[in-house]
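Reviewing the structure listed below.
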Amino acid sequence: MAVTLDIKNMTFEEKIMTMEALWDDLVQSANDIKKANKTETSILPDWHEDVLKERLLAAQEDKAEYSDWTEVKARLEKL
């Protein structure tokens, strides 16, 4: 189904509302997929979950490394 929106003429508020509606629909779709599969598995790729588990474990064990926002911003500006 093709949907066309006149994005250029939408107000900022209309754009935000549209994004929120899309996000809500994506979340509902993900929930529907989970229910259809009758499983608690995520729709994320396995490697995403692996990385998240590793990072959570590192944070829980106080082994995580964090960057200050100014450092991150400076690195991004160099890209």
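Would you be able to say whether some residue in the range 42-64 is modelled with pLDDT under 85 and in a helix (DSSP H, G or I)?
Taking the range 42-64 as the starting set, the residues that turn out to be modelled with pLDDT under 85 are 42-46, 49.
With in a helix (DSSP H, G or I) added as a condition, the list becomes 46, 49.
Within the range 42-64, one or more residues are modelled with pLDDT under 85 and in a helix (DSSP H, G or I).
Of all the numbered requirements in (1) part of a loop (DSSP other than H, G, I, E, B); (2) modelled with pLDDT of 95 or more; (3) of a type outside the set (S, T, N, Q), residue 13 misses one, and that requirement is (1).
Determine whether residue 32 is among the acidic types (Asp, Glu), at pLDDT below 85 and assigned to a helix (DSSP H, G or I). Taking the combined requirement at face value, the residue satisfies it.
The values are calculated or read from the model by the stated rules, or taken from the named source; none is laboratory data. For clarity, every value in this text was computed on a predicted model and none was experimentally measured.
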